[in-house]
Amino acid sequence: MDDFFRFEEWYDVSRDGSMRLDGERKIFFLGESSPAWSMQYRGYWREEDISFLHRALLEEYKDDHFTGGRGPNRYSEDKLTYENRTFPSKIDKSCGHEKVYRKEGELFMILGHYIYFGGTSESFLSIAA
């Protein structure tokens, strides 16, 4: 895959201690200056939950599924649950909201979340037209 594509990502972590994060991912065909696909995201994660988030994301990638460019619809370990809701879940255009929460008795505590949107360059051009 590295012979055909170039991957770029940038993100900005808030400096006020709130754990906010803004970022963008882009995939380019080699030799091209415009991305073939990109995704923007915004949200927050607690540092201690990042390893769980990565395990949830890997579940989707190892099965070669595309769910908005993020993780599966649902993934759980012990009391932690990851959920991803997409509208729609297609590679040319998608947006969604993902969250991680912990169940404590009857209560659910949200530990982190992202709102994201992305798609192919052609889909962005059709939206703007």
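Scan segment 1-48 for residues that are in contact with a Leu (Cβ under 7 Å, 6 or more places away or on another chain), farther than 29 Å from Tyr101 by Cβ and modelled with pLDDT of 85 or more and the total you get is 1.
Within segment 92-108, residues that are free of Cβ contacts under 8 Å to residues at least 12 places away in the same chain have Cβ atoms under 7 Å from residues that are buried (at least 18 other Cβ atoms within 10 Å of the Cβ) in these pairs: Phe108/Tyr101, counting only partners at least 6 apart in sequence or on another chain.
Hey, could you check segment 114-129 for residues that are crowded, with 16+ Cβ neighbours inside 10 Å and at pLDDT 85 or above and say which is farthest from Arg25 (Cα to Cα)? Filtering segment 114-129 for residues that are crowded, with 16+ Cβ neighbours inside 10 Å and at pLDDT 85 or above, the one farthest from Arg25 (Cα to Cα) comes out as Tyr114.
Evaluated against (1) crowded, with 18+ Cβ neighbours inside 10 Å; (2) over 14 Å from the mean Cα position of the chain (by Cα), Thr86 falls short on exactly one condition, (2). In segment 2-52, of all residues being among the basic types (Lys, Arg), more than 25 Å from Met109 (Cα to Cα) and touching a Lys or Arg at 6+ places or on another chain (Cβ under 9 Å), the one that is surrounded by the most Cβ atoms within 10 Å (Cβ to Cβ) corresponds to Lys26. For segment 1-52, the set of residues classified as assigned to a helix (DSSP H, G or I), touching a strand residue (DSSP E or B) at 6+ places or on another chain (Cβ under 6 Å) and either without any contact (Cβ under 8 Å) to a residue 60 or more places away in the chain or within 21 Å of Gly118 (Cα to Cα) (or both) consists of Phe52 only. Residues in segment 60-101 that are at pLDDT below 85 and outside any loop (DSSP other than H, G, I, E, B): Glu60, Tyr61, Lys62, Thr86, Phe87, Pro88, Ser89, Lys93, Ser94.
The values are calculated or read from the model by the stated rules, or taken from the named source; none is laboratory data. Values in this document were obtained by computation on a predicted structure and should not be read as measured data. Cβ sites come from the backbone with ideal geometry, for glycine too, and all protein chains shown count toward neighbours.
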